[in-house]
1. Taking region 39-52 as the search range and keeping residues that are within 17 Å of the chain's Cα centre (by Cα) and touching a residue at least 12 places away in the same chain (Cβ under 8 Å), which one is farthest from Cys255 (Cα to Cα)?
2. For region 52-89, give me the residue count where each residue is open to solvent by less than 30 Å² (accessible area, probe 1.4 Å) and either part of a strand (DSSP E or B) or modelled with pLDDT of 95 or more (or both).
3. Can you tell me which condition Phe216 does not meet? The list is (1) modelled with pLDDT under 70; (2) in contact with a Pro (Cβ under 7 Å, 6 or more places away or on another chain); (3) under 21 Å from Gln140 (Cβ atoms); (4) not polar (S, T, N, Q), and all the others hold.
4. Quick check on region 233-257: of everything there that is among the polar types (S, T, N, Q) and under 18 Å from the mean Cα position of the chain (by Cα), which residue is surrounded by the fewest Cβ atoms within 10 Å (Cβ to Cβ)?
5. Given (1) open to solvent by 20 Å² or more (accessible area, probe 1.4 Å); (2) at pLDDT 85 or above, identify the lone condition not met by Ser190.
6. List every residue pair whose Cβ atoms sit under 6 Å apart, with the two residues 6 or more apart in sequence or on different chains, where the first one lies in region 188-204 and is within 19 Å of Val97 (Cβ to Cβ) and the second, anywhere, is open to solvent by 20 Å² or more (accessible area, probe 1.4 Å) and of a type in the set (A, V, I, L, M, F, W, C).
7. Taking interchain pairs and intrachain pairs at least six residues apart, which have beta carbon atoms under 7 angstrom, with the first residue in region 167-187 and over 12 Å from Ile157 (Cα atoms) and the second modelled with pLDDT of 90 or more and part of a helix (DSSP H, G or I)?
8. Kindly list the number of the only condition in (1) among the β-branched types (Val, Ile, Thr); (2) modelled with pLDDT under 90; (3) surrounded by fewer than 18 Cβ atoms within 10 Å (Cβ to Cβ) that fails for Ile33.
Amino acid sequence: LMTLFGAVSSMHHATAAFTSGLRKELRPTKRNIFPGAIPITEADKETCARQTGQVAPGNALMGKPSQCSCKHGYPQAFSLDPAPPTQQFKRRSMDRVNSGLLKLTCPLIVNAVDALEDEGFINKMNSILAAKEGEDELSQCMNDAHAIHSSTRKKLIFGPATEESNDDNQTFQMLKSKLGDKGAEYFLDSGVAGANPLTKRKDVKCLHAWLADYLFRITDEEACCDGMTSNHPIGEAILQSLKERDIDFTGTDTCYHVCSGGGVDVESGDGAVTVPIARNKQRKKKDKELERRRRRQDRNE
């Protein structure tokens, strides 16, 4: 893994060369969205639903990376509204908030990153961060990204002025009613993937969120704002690991069938690209199976 991180710097330069062919003029936005993002379209919402197999996330979508890295032109990640308007959901009151501001959606990449997490890559990265004791490029990347996510979340809730003490802000009041006063403040201060802003331990927590954050950095340096830069060693390390597993993050020749609605069974065998199962559903299923095993063991004893 140390060799992997040693290759990150050279990969950053290679990625910069790649993105030079992807640069486009940024379109102006009418509302605050994530740095490095452009507004989504209705077609993007439909693409997200096909990519994830879920409709609910589409209600919270706000932006997509300003530069498209997919060879077929489909968004691979989206930025989310941390507190989507209540009327968009068929529920009473505001019972959906997004602790994470970004969602990785490309089925090809999501499935590949799922496998990385299952192999223990998060623990490996956390071990590197702990060994460096915050005095390295990875730690600086993490600190900067957490600060950007917290700042952006506050701007989305309060507007550019980020008047956190404004008791007249309806969204903030709804957050406090749902999460409590301390919970609402914690929510506003949280970083990438809703990371705990108070903990001193460095925790990558979610590779999907970090890779999504990386995708929003693929842009001209001049287009970066709010302290964001195109330098992202954490994302580059994840991407390098995918490359070593022969995963091309720009896509395969036929992976577009999932995003276009052409069907998920176009490919077969080891190259199949399918709609990912939500990780929280996988965890629940795993927890239930572990509980069943525990009960069977207790009965046998």
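The values are calculated or read from the model by the stated rules, or taken from the named source; none is laboratory data. These figures come from a predicted structure and were not determined experimentally. Neighbour counts are summed over all protein chains in view; Cβ atoms, including those assigned to glycine, are modelled from backbone coordinates with ideal geometry. The protein model used for the area step is the full one, side chains on, heavy atoms only, and it has no ligands, DNA or RNA in it. Shrake-Rupley method; radii C 1.70, N 1.55, O 1.52, S 1.80 Å.
1. Of all residues in region 39-52, those within 17 Å of the chain's Cα centre (by Cα) come to 39-40, 44-45, 47-49, 51-52.
Checking the rest, the ones that are also touching a residue at least 12 places away in the same chain (Cβ under 8 Å) come to 39-40, 44-45, 47-48, 51-52.
Values: Pro39: 24, Ile40: 21, Asp44: 17, Lys45: 18, Thr47: 13, Cys48: 14, Gln51: 11, Thr52: 14 Å.
So the residue we want is Pro39.
2. Looking only at that region, the number is 11.
3. Checking Phe216 against (1) modelled with pLDDT under 70; (2) in contact with a Pro (Cβ under 7 Å, 6 or more places away or on another chain); (3) under 21 Å from Gln140 (Cβ atoms); (4) not polar (S, T, N, Q), the one that fails is (1).
4. From region 233-257, those among the polar types (S, T, N, Q) are 240-241, 250, 252, 254; that's our starting set.
Then keep just the ones that are under 18 Å from the mean Cα position of the chain (by Cα); that gives 240-241, 250.
Values: Gln240: 20, Ser241: 21, Thr250: 16.
The selected residue is Thr250.
5. All conditions are met except number (1).
6. If the second residue must be open to solvent by 20 Å² or more (accessible area, probe 1.4 Å) and of a type in the set (A, V, I, L, M, F, W, C), the pairs left are Ala193/Cys206.
7. Lys176/Ala184; Leu179/Phe187
8. Evaluating Ile33 over (1) among the β-branched types (Val, Ile, Thr); (2) modelled with pLDDT under 90; (3) surrounded by fewer than 18 Cβ atoms within 10 Å (Cβ to Cβ) leaves (3) as the failure.
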